[in-house]
Amino acid sequence: QVQLVESGGGLVQAGGSLRLSCAASGLTFTSYAMGWFRQAPGKEPEFVAAISWGGGSTNYTDSVAGRFTISRDNAKNTVYLQMNSLKPEDTAVYYCAADRRYGGQRRVEYEYWGQGTQVTVSS
């Protein structure tokens, strides 16, 4: 059974930082590209970042490029999202996702999903 478990969310002031983690189990981690999405209240889910199987390729949505960094540790079956210079508009539930293909920016392009972790940025 595949499980993706996010952690690291919380409440932070604008300008602060958080690091999200997503621990994967039940799959061959190195065979899966990983992504992060977020969903703010009343809004559609939004692609945030993705990373290829070995970590050599990454891509970001424009609104987080230069502030967020996605990385992975294949020895620990974990993907991370380092979030710096946080803004109130970054407030959302953040989800990690896994798929065998790299490069997807739509929810339907990911096979497995975590339950999400709340990030709240106060002004």
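The values are calculated or read from the model by the stated rules, or taken from the named source; none is laboratory data. In this text, all values refer to a predicted model and were calculated from it rather than measured experimentally. Don't worry about glycine lacking a Cβ; one is built from the backbone with ideal geometry, like all the others, and counts go over all protein chains shown. When the accessible area is computed, the model is the full protein with side chains, heavy atoms only, and any ligands, DNA or RNA have been set aside. Shrake-Rupley method; radii C 1.70, N 1.55, O 1.52, S 1.80 Å.
What the table below lists for this structure:
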quantity	calculated
Top-ranked residue in the range 78-110 [being assigned to a loop (DSSP other than H, G, I, E, B) and among the hydroxyl-bearing types (S, T, Y); ranked as nearest to W53 (Cα to Cα)]	Y102
Selection status of G35, in a loop (DSSP other than H, G, I, E, B) and among the small types (G, A, S)	no
Tally of residues being surrounded by fewer than 21 Cβ atoms within 10 Å (Cβ to Cβ), not in a loop (DSSP other than H, G, I, E, B) and not polar (S, T, N, Q) across the range 1-13	4
Any hit, the range 14-24, residues being assigned to a loop (DSSP other than H, G, I, E, B) and either open to solvent by less than 10 Å² (accessible area, probe 1.4 Å) or more than 18 Å from S123 (Cβ to Cβ) (or both)	no
Residue ID - surrounded by the fewest Cβ atoms within 10 Å (Cβ to Cβ), chosen from residues in the range 25-39 that are under 13 Å from the mean Cα position of the chain (by Cα) and small (G, A, S)	A33
Filtered residues of the range 41-62 (kept if in a loop (DSSP other than H, G, I, E, B) and out of contact with any helix residue (DSSP H, G or I) (no Cβ under 8 Å at 6 or more places or on another chain))	P41, G42, K43, E44, S52, G55, G56, S57, T61, D62
Where G42 falls short, out of the listed (1) surrounded by fewer than 16 Cβ atoms within 10 Å (Cβ to Cβ); (2) more than 15 Å from E6 (Cα to Cα); (3) in contact with a strand residue (DSSP E or B) (Cβ under 8 Å, 6 or more places away or on another chain); (4) among the small types (G, A, S)	(3)
Positions within the range 82-98 being surrounded by fewer than 17 Cβ atoms within 10 Å (Cβ to Cβ) and acidic (D, E), in sequence order	E89
Candidates V108, V79 - the one that is within 20 Å of V2 (Cα to Cα) and open to solvent by 10 Å² or more (accessible area, probe 1.4 Å)	V108
